[in-house]
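These notes are about the structure you will find just below.
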Amino acid sequence: MWSLGTARTRLAAGACAAAALFACALAPGVAGARSTPSTADLSPRLAELAKPGVRGASRAEQAKRLDLARSGPGSLLRDGNRVVAEVGFEHGAVATVDELREAGAEILDVSRRYQAVTVAARPADLRGIAGAPRVEGVSEVLTPIVRGVDCGGLVRSEGDAQLGADEARAAYGVDGSGVKVGVLSDSFDRDSGAATHAAEDVAGGDLPGTGSPCGSTTPVGLLSDPFSGGGDEGRAMAQIIRDLAPGAAIDFATAFAGETSFASNIRALREAGAQVIVDDVAYFAEPFFQDGPVAVAVDEVTAAGASYFSAAGNDNLFDGEGNSISSWEAPEYRDAGSCPAALEAEHCMDFHPGEGVDETLGVTVSAGSTLTVDFQWAEPWQGVETDLDLFLLDAEGNVLDSENGTADNVGSSQKPFEFLQWTNGGESPVQVQLAVNHCFGAGCNAAASAAGPPRLKLGFMQNGGGVTEVEHPRSEGGDVVGPSIFGHAAAAGAISTGAIRFNTTAAPEYFSSRGPVTHLFGPVDGATPAEPLAEAETISKPDLTATDGGINTFFGAPVSGGYRFYGTSAAAPHAAAVAALVRDGAPEASAAQVREALTATALQVGPAGAYGAFDVGAGMIDAEAAVGALYTEPPPGEEEGEGGEEEGETSEEGEGGGEEEAPVEEAPVEEAPVQEEAPPATPAPAPAPLPTESVAPRVAPAATADTTRPRTGIAAHPRKLVRKRRLPVRLRFRFRSDEAGVTYLCKVDRRRFRRCGRKLRRRFGAGRHVLRVRARDRAGNVDRTPAVFRFRVKRVR
C-alpha cells in the first residue's frame with residue numbers, strides 16, 4: 001500500500017517551470033540532494049518573496065509560490081502589508097537597530113540575550129535588511145498556533161460547575177481578589193467582525209471594567225494588543241477567568257510578534273504583578289529536544305513565584321484502530337543508502353525499524369484538509385551541524401508542488417527545523433509520502449558523513465484532525481509513535497493543560513495532545529549552543545485536565561445563547577482561574593504549593609486505568625478540594641482586596657552616558673488644568689456576587705461610582721524634528737491630566753504600554769517615533785484616547 005514500487009521517474013533538467021520550487025536547486029550526481037541556498041542571508045522563502053514578480057503578487061499567489069497556507073497557522077505572519085521576520089546576529093544585534101530601521105524595518109522586539117531582532121518589513125526592503133552590518137541571516141516567522149478548535153451576552157462557562165469553582169467560592173469565600181492573571185494569546189479586542197467587543201462584554205458583566213454591573217471596575221490591562229489580524233481569542237480566555245474568578249484582575253499581552261517577543265511579554269506580565277499567567281500559543285519552530293526562549297521565560301517566571309499554565313495542544317490524532325498517530329520519532333538516523341528516484345539522492349532516512357528498507361513514510365490526508373508537518377532533529381539551536389531536508393511525494397513517487405522543507409540549516413538558520421504544508425483539495429482522501437534526505441557533500445554545508453543526529457521526529461500539527469492513517473502506526477524497534485506535546489508546554493515550570501468536554505467526565509477530548517516529551521540538551525539561553533544533558537530527560541506531560549467547550553459571548557461555534565470555545569486554549573484559562581482562587585485562599589502559598597494542591601486533588605477521568613498520566617496528567621481539576629488544601633483564614637479585621645494592582649511609580653531612564661539632550665518645548669494642553677492633590681476617593685461598594693448559572697441581562701447597581709475617564713495631555717516635548725550629530729539623543733517629556741493623583745501609561749513606538757512617571761526621559765535613535773500616553777485615575781479609569789506626539793530624529797553630519 002505504501003511502497004513506491006516501480007513507478008519512479010526522474011525530474012528532467014528542463015522541468016523546473018512545471019516542477020516544485022525546490023526542484024531547480026537539485027544537483028544531479030552529488031551524494032545528497034542540495035538544500036536551497038540562502039540569498040543575501042535571506043531564508044529561501046524570504047528570498048523568493050523579495051523577487052519583484054512575487055512581492056507584487058496577490059497574497060494568494062505569494063502563498064502559492066512560497067508553498068504556505070494563505071492565512072492561519074503556518075502562513076507568513078504579517079503586520080498589515082509587512083511580513084514579520086527574525087534577523088539573527090552572532091553579535092551586535094542591539095547596535096544594528098538603527099541600520100535596520102534605515103533599511104525599512106519596523107522593530108518589534110530586540111533580544112540582546114538571543115542576539116535577534118524581530119522586525120516587520122515590506123518585501124521590497126528584505127534584501128536591504130539582510131545587507132545591514134553584522135546580519136547573519138533573516139528568516140520568516142510563521143503564524144503560530146492558537147490552541148482553540150472551532151467545532152462549531154451574558155453567559156457563564158459550564159466549566160465553573162464542572163470543575164467545582166462555584167462550590168469553592170461558596171465554601172471558602174474566595175473569588176480571586178488580590179490576584180492578577182496575565183493572559184497571552186493572539187489579540188484582545190482587534191477583530192472587527194466579532195459578535196461582541198470588549199465594551200459590550202464589560203456592560204454585560206462578562207469582563208471587568210467601568211460600567212460592569214458586577215461591581216469590578218478595574219478593566220483588563222492591555223500591555224500589548226497590536227495584532228490587527230487576531231481573532232480576539234485572548235478576550236475569550238479572559239471571559240473564562242472572569243466566570244470562575246470574578247474578583248481577579250486581568251492583564252493581556254500579545255504572543256503574536258515572534259518567539260522572543262512572546263518570551264519578553266511573559267516576563268512583562270510577571271513584572272506587572274501577575275501571580276498567574278496563561279497562554280494558548282505555540283510557534284512551530286519551538287524546539288522538540290530542549291527548552292526554547294519561550295520555555296526559558298516560563299521557567300524564569302515560575303521560579304520568581306508565578307503559576308504558569310499553557311495549553312497542551314490539539315494535535316492528537318487517532319487512526320481507525322485507535323492508535324495515536326500524531327507523531328513519528330526514531331532514536332537515531334538510519335541511512336537507507338538510497339532515496340526515491342525523483343530526489344536524485346543517495347542518503348535518505350530508513351523509516352523501517354527492523355529488517356528491510358523503507359525510504360518513505362506514508363500518510364493519508366482526508367479531503368479538504370491541510371497536512372502540516374513539523375520536522376526536527378536532536379541538535380541544539382546555534383549548534384546545528386547536520387542538514388536534513390523534508391520532501392513530499394505522491395503515492396507514485398512524483399514530487400508534489402508543496403515542498404519547502406529544504407532550508408540551509410547549517411549555514412543559515414542554525415535551527416534543526418523544517419516545515420511543510422500541503423492541502424488535499426480533492427473530494428477523497430489522498431495518500432502521500434514523506435522522505436527525509438541527509439544533505440552532505442557537494443552543494444551542502446553539512447559534514448560529509450552518512451551519520452546523522454541521534455534522534456529525529458516528525459510531528460503532524462493538525463490542530464484537531466486531517467491525518468487519518470500513517471504507514472507505521474505503532475511504536476516498535478525503539479521508534480516512538482504518538483506524543484505531540486512540544487515547545488514551552490513541555491517546560492518543567494509550565495502546567496500543561498489538556499482538555500475535557502464541558503458535559504462529560506468519561507474521557508479527554510480526542511484531539512487533546514498527549515505526552516511524554518524527551519529533552520536531550522540544556523535550554524536555549526543566548527546565542528551559543530547548549531550542552532547535551534548527561535542523560536536524556538523524559539518529562540511527563542500534560543500535568544492536568546480542565547474544561548473546554550464552555551459558553552462565551554462571541555468566540556467559537558455559535559449555539560443558542562452564545563458560542564462554544566473548544567480546545568486546550570479554553571482548558572488552560574479554566575485551570576488558571578482555579579489557581580487564582582487557590583491563591584486568594586492562601587495568599588502566602590508558593591507556586592510549587594499551588595501546583596501540588598491542583599495535582600494532588602485532581603479527579604480521575606473515565607474508568608480506572610482507562611487513561612494515564614500521558615493522556616490526562618493528574619486528572620481533572622477539583623477547585624473546591626484544591627482551594628481547601630491550602631486555605632488559610634484571613635487575620636481578624638483584615639479587609640479583603642478588590643483585585644486591583646499597586647505599582648510603584650517609575651520613570652523610564654536611558655542607559656549610558658555622553659549622549660546629547662534635546663531642548664524641551666512647552667506644549668500646554670487644552671484640557672482642564674491639573675488639580676491639586678486631593679484626598680483618596682471613597683471606596684466603591686463591594687462587588688455583588690455573580691450568579692452560578694447563565695442569566696438574563698443584569699441591571700447595574702444603584703450605588704454610584706467614579707466612572708469618569710481622565711483626560712491626558714503632553715505638557716512639554718522636544719521639537720518634531722530633532723537634528724543631532726551624536727545619537728542616540730536623550731529627550732524629555734512632561735505629562736498632565738485634568739484629574740489629580742493619576743498615574744501614567746506610556747507606549748513608545750511599537751512597544752507595549754507600561755507604567756511611567758509624570759516626567760519621562762528616554763534615548764532615541766535615528767528615525768520616526770511615536771509616543772502615546774494615557775492617564776489612569778485612582779478608580780482605575782483609563783483615558784480611552786491617548787495623547788500622541790509624533791517626531792523624527794535625524795543624524796546630521
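The values are calculated or read from the model by the stated rules, or taken from the named source; none is laboratory data. Computed from a predicted structure; not experimentally measured. Every residue, glycine among them, receives a Cβ derived from its backbone with ideal geometry; neighbour counts consider all protein chains shown.
Could you check the range 519-573 and list, in sequence order, the residues that are aliphatic (A, V, I, L, M) and over 30 Å from Glu136 (Cα atoms)?
Initially, the range 519-573 is screened for residues aliphatic (A, V, I, L, M), giving 520, 524, 527, 530, 533-534, 536, 539, 544, 546, 551, 557, 559, 570-572.
Listed by number, the residues that qualify are Ala534, Ala536, Ile539, Leu544, Ala546, Ile551, Ala557, Val559, Ala570, Ala571, Ala572.
Would a scan of the range 379-393 turn up a residue that is within 30 Å of Pro73 (Cβ to Cβ) and more than 30 Å from the chain's Cα centre (by Cα)?
Scanning the range 379-393 turns up at least one residue that is within 30 Å of Pro73 (Cβ to Cβ) and more than 30 Å from the chain's Cα centre (by Cα).
Please verify whether Val627 is in contact with a helix residue (DSSP H, G or I) (Cβ under 8 Å, 6 or more places away or on another chain), β-branched (Val, Ile, Thr) and under 20 Å from Val155 (Cα atoms), treating the condition exactly as stated.
Against the criterion (in contact with a helix residue (DSSP H, G or I) (Cβ under 8 Å, 6 or more places away or on another chain), β-branched (Val, Ile, Thr) and under 20 Å from Val155 (Cα atoms)), Val627 does not qualify.
Here are Gly230, Gly209, Gly221, Gly215: which of them is within 23 Å of Gly273 (Cβ to Cβ) and either modelled with pLDDT of 95 or more or under 22 Å from the mean Cα position of the chain (by Cα) (or both)?
It is Gly221.
If you go through the range 22-45 one residue at a time, do you hit one that is part of a helix (DSSP H, G or I), modelled with pLDDT of 85 or more, among the charged types (D, E, K, R) and buried (at least 18 other Cβ atoms within 10 Å of the Cβ)?
yes
Check whether at least one residue in the range 419-433 is more than 23 Å from Asp67 (Cβ to Cβ) and either at pLDDT 80 or above or in contact with a Pro (Cβ under 7 Å, 6 or more places away or on another chain) (or both), and report yes or no.
no
Which residue is surrounded by the most Cβ atoms within 10 Å (Cβ to Cβ), if the candidates are limited to the range 564-594 and must be out of contact with any strand residue (DSSP E or B) (no Cβ under 6 Å at 6 or more places or on another chain) and of a type outside the set (Gly, Ala, Ser)?
Among them, the one singled out is Val578.
Where in the range 450-517 are there strands (runs of 3 or more DSSP E), lying wholly inside it, with at least 1 residues that are touching a helix residue (DSSP H, G or I) at 6+ places or on another chain (Cβ under 6 Å) and either within 21 Å of Phe284 (Cβ to Cβ) or acidic (Asp, Glu) (or both)?
494-501
Residues of the range 345-375 being over 13 Å from Asn437 (Cα atoms), of a type in the set (Val, Ile, Thr) and out of contact with any Ser or Thr (no Cβ under 6 Å at 6 or more places or on another chain), which ones?
Answer for the range 345-375, where residues must be over 13 Å from Asn437 (Cα atoms), of a type in the set (Val, Ile, Thr) and out of contact with any Ser or Thr (no Cβ under 6 Å at 6 or more places or on another chain): Val357, Val363, Val365, Thr372, Val373.
Regarding the range 568-582, can at least one residue be identified that is modelled with pLDDT under 95, out of contact with any Gly (no Cβ under 6 Å at 6 or more places or on another chain) and aliphatic (A, V, I, L, M)?
Kept after step one, since they are modelled with pLDDT under 95, are these residues of the range 568-582: none.
No, the range 568-582 contains no residue that is modelled with pLDDT under 95, out of contact with any Gly (no Cβ under 6 Å at 6 or more places or on another chain) and aliphatic (A, V, I, L, M).
To keep it simple, each residue is scored yes or no on (1) polar (S, T, N, Q); (2) touching an Asp or Glu at 6+ places or on another chain (Cβ under 7 Å).
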{"residue": "Ser737", "(1), (2)": "yes, no"}
{"residue": "Ala740", "(1), (2)": "no, yes"}
{"residue": "Leu760", "(1), (2)": "no, yes"}
{"residue": "Phe764", "(1), (2)": "no, no"}
{"residue": "Arg772", "(1), (2)": "no, no"}
{"residue": "Arg776", "(1), (2)": "no, no"}
{"residue": "Pro786", "(1), (2)": "no, no"}
{"residue": "Phe789", "(1), (2)": "no, no"}
{"residue": "Arg795", "(1), (2)": "no, no"}
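Report those strands (runs of 3 or more DSSP E) wholly inside the range 712-797 carrying at least 3 residues which are surrounded by fewer than 17 Cβ atoms within 10 Å (Cβ to Cβ). Let's see the steps before the verdict.
Values: elements: 712-717, 721-724, 729-737, 743-748, 754-756, 759-764, 767-776, 787-795.
Because the criterion is at least 3 residues that are surrounded by fewer than 17 Cβ atoms within 10 Å (Cβ to Cβ), the strands (runs of 3 or more DSSP E) in the range 712-797 that meet it are 787-795.
Hey, could you check the range 250-266 for residues that are touching a Ser or Thr at 6+ places or on another chain (Cβ under 7 Å) and closer than 22 Å to Ala579 by Cα and say which is surrounded by the fewest Cβ atoms within 10 Å (Cβ to Cβ)?
My answer is Thr254.
Each row is one residue, and each column tells you yes or no for (1) within 15 Å of Ser512 (Cα to Cα); (2) among the β-branched types (Val, Ile, Thr).
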residue: Asp543; (1), (2): yes, no
residue: Ile551; (1), (2): no, yes
residue: Phe555; (1), (2): no, no
residue: Arg564; (1), (2): no, no
residue: Val594; (1), (2): no, yes
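Do we have any residue at all in the range 88-106 that's assigned to a strand (DSSP E or B), touching a Lys or Arg at 6+ places or on another chain (Cβ under 6 Å) and surrounded by fewer than 24 Cβ atoms within 10 Å (Cβ to Cβ)? Can you show your working first?
Start the filter on the range 88-106 by keeping residues that are assigned to a strand (DSSP E or B), which leaves 88-89, 106.
If we keep only those that are touching a Lys or Arg at 6+ places or on another chain (Cβ under 6 Å) too, we end up with 89.
Retained after the next criterion (residues that are surrounded by fewer than 24 Cβ atoms within 10 Å (Cβ to Cβ)): 89.
The answer is yes, given that some residue of the range 88-106 is assigned to a strand (DSSP E or B), touching a Lys or Arg at 6+ places or on another chain (Cβ under 6 Å) and surrounded by fewer than 24 Cβ atoms within 10 Å (Cβ to Cβ).
If I go through the range 474-487 residue by residue, how many of them are crowded, with 24+ Cβ neighbours inside 10 Å and touching a Pro at 6+ places or on another chain (Cβ under 9 Å)?
Qualifying residue count, the range 474-487: 4.
Within the range 195-208, work out how many residues are surrounded by 20 or more Cβ atoms within 10 Å (Cβ to Cβ) and outside any helix (DSSP H, G or I).
5
Quick test for you: out of Ala303, Ala312, Ala295, pick the one residue that is at pLDDT 95 or above, under 18 Å from Asn265 (Cα atoms) and surrounded by 23 or more Cβ atoms within 10 Å (Cβ to Cβ).
Ala295
If you check Gly493, Gly550, Gly561, which single one turns out to be buried (at least 24 other Cβ atoms within 10 Å of the Cβ) and either assigned by TED's automatic domain parsing to the domain that holds Ser428 or closer than 30 Å to Gln239 by Cβ (or both)?
Within the list Gly493, Gly550, Gly561, the selection yields Gly550.
With the condition kept exactly as written, say whether any residue in the range 390-403 is among the small types (Gly, Ala, Ser) and within 21 Å of Gln462 (Cβ to Cβ). Quick ask: steps written out before the conclusion?
Restricting attention to the range 390-403, the residues satisfying the condition of being among the small types (Gly, Ala, Ser) are 395, 397, 402.
Filter once more, keeping what is within 21 Å of Gln462 (Cβ to Cβ): 395, 402.
Within the range 390-403 (the criterion being among the small types (Gly, Ala, Ser) and within 21 Å of Gln462 (Cβ to Cβ)), the answer is yes, since at least one residue qualifies.
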